[in-house]
Amino acid sequence: MTKQAVQLSLPGFEQAHGGWRAEYGRQIGADRTIRNRSGVEIKPLYTPRDWNGDAFLENLGFPGQYPYTRGIYPTMHRGRTWTQRQLIGLGTPADYNKRVRTILDAGATAISLIPCNSVFRGNDCDEVDLPLLGTCGTVVNTADHMDQALDGVPLGNISTAMNDPSPFTLLAFVLAVAKRRGIPWTSITGTSNQSDYISHFIANHMFYRLSLPGARRVLLDHIEFCRAYVPGWNPVSVVGQHMQQAGATPVETMAFTISTALQYAQDCIDRGMDIDHVLRRFTFFFDISISFFEEVAKFRAGRRIWARLARERLGAKDPGSWRFKFHGQTSGVDLTVQQPLNNIARVAVQAMAGIMSGLQSLHTDAYDEAITTPTEETARIAVATQNILREEAHLCDVIDPLGGSYYVETLTDQMEEEMMALIGKVDEAGGMYKAAEAGLIQAMVGQSALAFQEKVESGEEKVIGVNCYQADNVAYAARPTERPELERMQQHVASFAAYKAARSQTDVNRALDTLKRAANSEGENIYGRIVEAAEVGITHGEIVSLLREELGFGHPLVVV
Amino acid sequence: MTACGLNPPARVLVTKIGLDGHDRGSRIVAAYLRDAGMEVIYTPPWQSIPAVVKLVLEEDVDVVGISSLATDHLIVPKLADALREAGLGHVGIIVGGIVPDDECPALLQAGVSAIFGPGSPRDDIIAHVAALAAKVRDVKNAEFREIAQ
């Protein structure tokens, strides 16, 4: 472990330290106990008696070197800064296309797509209430829709993240579009950034509702397919964000996320895949809260734990498998409806924590995200926040700038120890799949959510405008809420219905039959059949409902 | 008598309709009401409107609490209509979560008695639900007396 063994010889240290402690005690009076969100007690001062650089190479080393505590690449942000990846999803595919082009013009270097909640529910647009369509994501149900959404977007040259739970129909549509445009799949890069089905069962429940075992199989087929045919694609993104948003502490989040990654890795090994072939394409996706130092320690500890477990437990030999690549999103949980412009300041602090943690990709929230889907103007401010931090604040000059801080190193060690204890607890429960199935994780996350809420209500945890400084709550002159134009959405639904009616029913039936056979044959890769179905015009809803029939329907595992 | 003044205690359904699955808020509010002595019926997200109506009827619910974080509040008026059509127009409805200011009037007109946004104090929610449940119970008791006579 990372405990200190050697005490540095510091002549006069004890006397000076004792003198400071006496003076501190005299001036502060009755000191209060401060704990971070993970429950670690925070001292007023850290010194070389807490951390002294002992076991430097073993615990920290250099960027790009095992165990990667200081960063996964030798150059980090001084070489290539993080990818600016804003999550976008709204309206019809045409609306999305307009917004995505605006964001690319504003300096974003990668894109993402959030589908409408109807898509998350496994429904096509003709099956749900019209007013709910396109309010929180784009209504994409077919390869044609994806083609419209990505019109003019250079698919082979830009990384695309698809918010696409199992069975990954959005990627199937992207691959179909690439084929139409003559773009080889080998040049397609990006991430299936909602592939972590366990996190959906535990936390945000935004998944296509395949059963737990069904989702497990489809994920493995998806990984195998992508490794064979779309080698630049990251088929796995293990999502800590859902759990932290649902209330897990930063320590719990990192521990459970790593336990989940261990589960998926083990499943790949059990299926006979080469661990080094798959792990190099594992990515992670986290929330970044405003608890600044705690977040930095969370990511540094997580990087170190993953490197060690990937090497020692999973037996990975390629350094590419040990590197903990992660996307961070500034946490919406910290944002407030009260005094919403304050959220710009919150997002800047959250983003700084992520950047100083050495993230690979970042989404900054728009300040109105606590209220509604961002407008074009608020989305621009969110991107500008990243530009300011990168260009004006000089955050990229030094790698791991907080490394070596007595405080941050001590906290990194302490949080690592607690994370390892929780990972051990999940191991005892039989791994993450079983722990989630038994409701163990949900119960812990729920407890933490309630405990945090109680701290906010008691005023122990301050939230500006919510439990203090409310006097400044002036009426926020929100512009009228923008909702997708019902008429345009109705047209979208009508043309979808017409599209379905015009298809050759024989072709549709043939594709669905093939998919059904694949679902019932264990040896066959179901994801290859899903991509084929997308190519011949089968819709999202058709694919999902067939798979629910064949592989089981997924109910969220809710524990109150 | 219970903590909230009704005997038997107020029966509250905490649920989500529409398409969103985020449930941190609904779980917390359910725990608050339960801890205040009410009987809470809690469901996973994505209940259909007919399923909610059925639950209200079968569970003899006094107040329905709808949690909406991602625009599902837009179909709450449809739920209110469905309850009225089923002869359950006296059942209270509250909404919690994110409802933009300019979309509140439509909900209130549809019969929602209160909308609790982020930062609403726990005690306000409990007091409102308790008072609303008492009112609903009066209507139910009057109906019962009518039938009994």
Could you tell me which numbered condition A:ARG390 fails, if it satisfies all but one of (1) over 30 Å from B:ARG122 (Cβ atoms); (2) surrounded by fewer than 16 Cβ atoms within 10 Å (Cβ to Cβ); (3) in contact (Cβ under 8 Å) with a residue 60 or more places away in the chain? (2)
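Taking the residues in region A:15-47 that are among the aromatic types (Phe, Trp, Tyr) and either part of a loop (DSSP other than H, G, I, E, B) or without any contact (Cβ under 8 Å) to a residue 24 or more places away in the chain (or both) as candidates, determine which candidate is surrounded by the most Cβ atoms within 10 Å (Cβ to Cβ).
Restricting attention to region A:15-47, the residues satisfying the condition of being among the aromatic types (Phe, Trp, Tyr) are A:20, A:24, A:46.
From what is left, the residues that are either part of a loop (DSSP other than H, G, I, E, B) or without any contact (Cβ under 8 Å) to a residue 24 or more places away in the chain (or both) are A:24, A:46.
Details: A:TYR24: 12, A:TYR46: 16.
Going through the qualifying residues, I end up with A:TYR46.
Would you mind finding the one in B:HIS90, B:HIS22 that is out of contact with any strand residue (DSSP E or B) (no Cβ under 8 Å at 6 or more places or on another chain), more than 13 Å from every other protein chain (Cβ to nearest Cβ), outside any helix (DSSP H, G or I) and not small (Gly, Ala, Ser)? Spell out the reasoning first.
Numbers: B:HIS22 fails: more than 13 Å from every other protein chain (Cβ to nearest Cβ).
The conditions single out B:HIS90.
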Among (1) within 19 Å of the chain's Cα centre (by Cα); (2) under 19 Å from A:ILE114 (Cβ atoms), there is one condition A:ILE355 misses while meeting the rest; what is its number? (2)
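This table checks each residue for (1) exposed (fewer than 14 other Cβ atoms within 10 Å of the Cβ); (2) of a type outside the set (Lys, Arg); (3) within 13 Å of chain B (Cβ to nearest Cβ).
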site: A:LYS434; (1), (2), (3): yes, no, no
site: A:ILE441; (1), (2), (3): no, yes, no
site: A:VAL445; (1), (2), (3): no, yes, yes
site: A:SER458; (1), (2), (3): yes, yes, yes
site: A:ILE464; (1), (2), (3): no, yes, yes
site: A:TYR469; (1), (2), (3): no, yes, yes
site: A:GLN491; (1), (2), (3): yes, yes, no
Residue pairs qualifying under the 6 Å Cβ cut-off, at least six apart or on distinct chains, with the first in region A:99-119 being within 14 Å of chain B (Cβ to nearest Cβ) and buried (at least 21 other Cβ atoms within 10 Å of the Cβ) and the second being in a loop (DSSP other than H, G, I, E, B) and charged (D, E, K, R), are A:ASN117/B:ASP20
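Got a sec? Which of A:PHE299, A:PHE293 is of a type outside the set (D, E, K, R), surrounded by fewer than 24 Cβ atoms within 10 Å (Cβ to Cβ) and closer than 18 Å to A:GLU417 by Cβ? Walk me through it before giving the result.
Values: A:PHE299 fails: surrounded by fewer than 24 Cβ atoms within 10 Å (Cβ to Cβ).
When all the criteria are applied, what remains is A:PHE293.
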Residues of region B:50-84 satisfying the condition of being at the interface with another protein chain (Cβ under 9 Å from one of its Cβ atoms) and either under 24 Å from B:LYS140 (Cβ atoms) or among the β-branched types (Val, Ile, Thr) (or both): B:THR71, B:ILE75, B:LYS78
Exactly one of (1) among the hydrophobic types (A, V, I, L, M, F, W, C); (2) in a helix (DSSP H, G or I); (3) in contact with a Gly (Cβ under 7 Å, 6 or more places away or on another chain) is unmet by A:VAL466. Its number? (2)
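Scan region B:114-132 and tell me whether some residue there is part of a strand (DSSP E or B), under 30 Å from A:HIS200 (Cβ atoms), within 14 Å of chain A (Cβ to nearest Cβ) and at pLDDT 95 or above.
Let us first name the residues in region B:114-132 that are part of a strand (DSSP E or B), namely B:114-116.
Keeping just the survivors that are under 30 Å from A:HIS200 (Cβ atoms) gives B:115-116.
In the following step, the residues that additionally are within 14 Å of chain A (Cβ to nearest Cβ) were identified as B:115-116.
Restricting the remaining residues to those that are at pLDDT 95 or above gives B:115-116.
So far as region B:114-132 goes, yes, one or more of its residues are part of a strand (DSSP E or B), under 30 Å from A:HIS200 (Cβ atoms), within 14 Å of chain A (Cβ to nearest Cβ) and at pLDDT 95 or above.
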Residues that are β-branched (Val, Ile, Thr), within 14 Å of another protein chain (Cβ to nearest Cβ) and in contact with a Ser or Thr (Cβ under 9 Å, 6 or more places away or on another chain): does region A:312-333 have at least one? yes
When B:ALA106 is run through (1) within 14 Å of chain A (Cβ to nearest Cβ); (2) over 16 Å from the mean Cα position of the chain (by Cα); (3) modelled with pLDDT under 95, the failure sits at (3)
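Considering each residue of region A:101-136, count those that are under 19 Å from A:SER361 (Cβ atoms) and either among the hydroxyl-bearing types (Ser, Thr, Tyr) or modelled with pLDDT of 90 or more (or both), and give that number.
Within region A:101-136, the first condition is being under 19 Å from A:SER361 (Cβ atoms), and the residues that meet it are A:103-104, A:106-114.
Subset that is either among the hydroxyl-bearing types (Ser, Thr, Tyr) or modelled with pLDDT of 90 or more (or both): A:109, A:112-114.
Looking only at that region, the number is 4.
The rows are residues; the columns are (1) buried (at least 21 other Cβ atoms within 10 Å of the Cβ); (2) modelled with pLDDT of 90 or more.
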residue: B:ALA3; (1), (2): no, no
residue: B:ASN7; (1), (2): no, no
residue: B:ALA10; (1), (2): yes, yes
residue: B:THR15; (1), (2): yes, yes
residue: B:GLY21; (1), (2): yes, no
residue: B:VAL29; (1), (2): yes, yes
residue: B:ALA36; (1), (2): yes, yes
residue: B:PRO44; (1), (2): no, no
residue: B:GLN47; (1), (2): no, yes
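Specify which of the listed residues (A:GLY431, A:GLY465) is within 33 Å of the chain's Cα centre (by Cα), of a type in the set (Gly, Ala, Ser) and under 30 Å from A:PRO213 (Cβ atoms). Break it down stepwise before answering.
Working: A:GLY465 fails: under 30 Å from A:PRO213 (Cβ atoms).
Only one candidate qualifies: A:GLY431.
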Looking at this structure, is A:TYR197 within 14 Å of another protein chain (Cβ to nearest Cβ), buried (at least 24 other Cβ atoms within 10 Å of the Cβ) and under 20 Å from A:PHE324 (Cα atoms)? yes
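Listed here are the residues, each with its yes/no results for (1) part of a loop (DSSP other than H, G, I, E, B); (2) within 24 Å of A:TRP306 (Cα to Cα); (3) not acidic (Asp, Glu).
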| residue | (1), (2), (3) |
| --- | --- |
| A:LYS434 | no, yes, yes |
| A:GLN442 | no, yes, yes |
| A:GLY446 | no, no, yes |
| A:PHE452 | no, no, yes |
| A:GLU457 | no, no, no |
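Within region A:120-134, can you find the residues that are in a loop (DSSP other than H, G, I, E, B) and in contact (Cβ under 8 Å) with a residue 24 or more places away in the chain?
Selection gives A:ARG121, A:GLY122, A:ASN123, A:ASP124, A:LEU133, A:GLY134.
The values are calculated or read from the model by the stated rules, or taken from the named source; none is laboratory data. In this text the structure is predicted, and so the values were computed from the model without any measurement. We place every Cβ from the backbone using ideal geometry, glycine too, and count neighbours over all the protein chains shown.
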